[in-house]
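Student: This structure is in structure tokens; I'll ask about it shortly.
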Amino acid sequence: MKNTKKALLPLAALIGALLLMVGCTFKTSIGYTFSVDTGDQIKVTLDTTDKYSMTSEVPFTISHHGDACMQGRFIPVNLFEQYVLAVKNDAKATILDSGSRDGIQYLFWNYNNEEYNFVISVDNSNTGLLLSDTVSEESARECFERLSFTLVKD
């Protein structure tokens, strides 16, 4: 009887540990640091939970369940303001959101009800980004919320 109890003790501990983990959520992410033509190094990180992925070449592609949904490319930061002005003056463009968060400024717009775009300025850098999603507004917002951008300093 004593040997049976000793043998069951590790099993009970394992079952207890597994029960504690029920309800826990695990977050995964992937990040790449890109050396940009502006001279900056920008780290792009994607929350990959729920089967999101990102390629490491430029332009980078974000996929969900293996289907490409967003593409991103780097631009000189001075083009950020040019994009903002162009969007504001384009009758086919509808601004959906703008603001700042986590070290970036951004503008989100729909173009001709076919394409959902973000133009981004990374704070304290010479670099911006242009993100484009042709799936849907919801897809564009979801991808954007999963991304973070960091200027890597030497």
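The values are calculated or read from the model by the stated rules, or taken from the named source; none is laboratory data. These numbers come from a predicted model, not from an experiment. Neighbour counts are summed over all protein chains in view; Cβ atoms, including those assigned to glycine, are modelled from backbone coordinates with ideal geometry. Accessible surface is based on the protein model in full, side chains and every heavy atom, while ligands, DNA and RNA are left aside. Shrake-Rupley method; radii C 1.70, N 1.55, O 1.52, S 1.80 Å.
Student: Residue by residue through region 119-143, note down the ones that are outside any helix (DSSP H, G or I) and among the aliphatic types (A, V, I, L, M).
Tutor: V119, I120, V122, L129, L130, L131, V135
Student: May I pose another question? Restricting to region 67-78, count the residues that are farther than 18 Å from S136 by Cα, open to solvent by 50 Å² or more (accessible area, probe 1.4 Å) and either hydrophobic (A, V, I, L, M, F, W, C) or under 15 Å from the mean Cα position of the chain (by Cα) (or both).
Tutor: 1
Student: Could you tell me which residue of region 85-108 is nearest to the chain's Cα centre (by Cα), considering only residues that are over 21 Å from V44 (Cβ atoms) and of a type in the set (A, V, I, L, M, F, W, C)?
Tutor: Out of the qualifying residues, it is L96.
Student: What pairs come out if I take residues in region 100-129 that are without any contact (Cβ under 8 Å) to a residue 60 or more places away in the chain and pair them with residues that are among the polar types (S, T, N, Q) and part of a loop (DSSP other than H, G, I, E, B) whose C-beta lies under 6 Å away, six or more apart or interchain?
Tutor: Within 6 Å, the pairs are E115/T134.
Student: Now for a separate question. Has region 104-115 got at least one residue that is closer than 15 Å to E142 by Cα, β-branched (V, I, T), out of contact with any Leu (no Cβ under 8 Å at 6 or more places or on another chain) and modelled with pLDDT of 95 or more?
Tutor: Looking for residues that are closer than 15 Å to E142 by Cα, β-branched (V, I, T), out of contact with any Leu (no Cβ under 8 Å at 6 or more places or on another chain) and modelled with pLDDT of 95 or more, one finds none in region 104-115, hence no.
Student: I'd like to verify a number: residues in region 73-104 that are farther than 26 Å from T33 by Cα and charged (D, E, K, R), how many?
Tutor: 4
Student: Let me ask you something else. Just for region 124-139: of the residues that are open to solvent by less than 60 Å² (accessible area, probe 1.4 Å) and not hydroxyl-bearing (S, T, Y), which one is farthest from the chain's Cα centre (by Cα)?
Tutor: This residue is G128.
Student: I need the full set of residues from region 41-67 which are outside any loop (DSSP other than H, G, I, E, B) and closer than 16 Å to L130 by Cβ, in order please.
Tutor: Listed by number, the residues that qualify are I42, V44, M54, F60, T61, I62.
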